[in-house]
Amino acid sequence: MNTYKENDLVIYTDSKGNHIDTFVIFDTDAQTGLTHINHFNLKVKLADLQLHPGSVKGATIPLADELSFKLFTQLKKKYTRKDTAPKTSTAVILYHDITQPKLANAS
């Protein structure tokens, strides 16, 4: 099984056949087989990914400078918070018993 590690540049093929250049946020999960990519914060099957041809030996995002490293670290923290946050649904309250005010009889 081909797996991807964080920072790998990959090409994601969506359900419509579009090819999107993106990068891996977290390594491929060994239990689910899903890879967490940056594109819309998706977790996708390995069949939908391929290593970018411009990649050289995997991790090709330039993290040598401090700013790039900090940005990637912040992005990982953001997605970790999203993944571990309790799932809440926004409930819509509907009022079925709306009473109509009584109108005075017009003369």
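Computed from the coordinates by the stated procedures, all read-outs in this text should not be read as laboratory data. Because the structure is predicted, anything quoted here is derived from the model rather than measured. All Cβ positions, even for glycine, are placed from backbone atoms using ideal geometry, and neighbour counts span all protein chains on display.
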Exercise for review: Scan the range 77-89 for residues that are under 18 Å from LEU34 (Cβ atoms), surrounded by 10 or more Cβ atoms within 10 Å (Cβ to Cβ) and over 11 Å from the mean Cα position of the chain (by Cα) and jot them down.
Suggested key: none
Revision key, fill the gap. By residue number, the members of the range 1-40 that are among the polar types (S, T, N, Q) and touching an Asp or Glu at 6+ places or on another chain (Cβ under 9 Å) are THR3, THR13, SER15, THR35
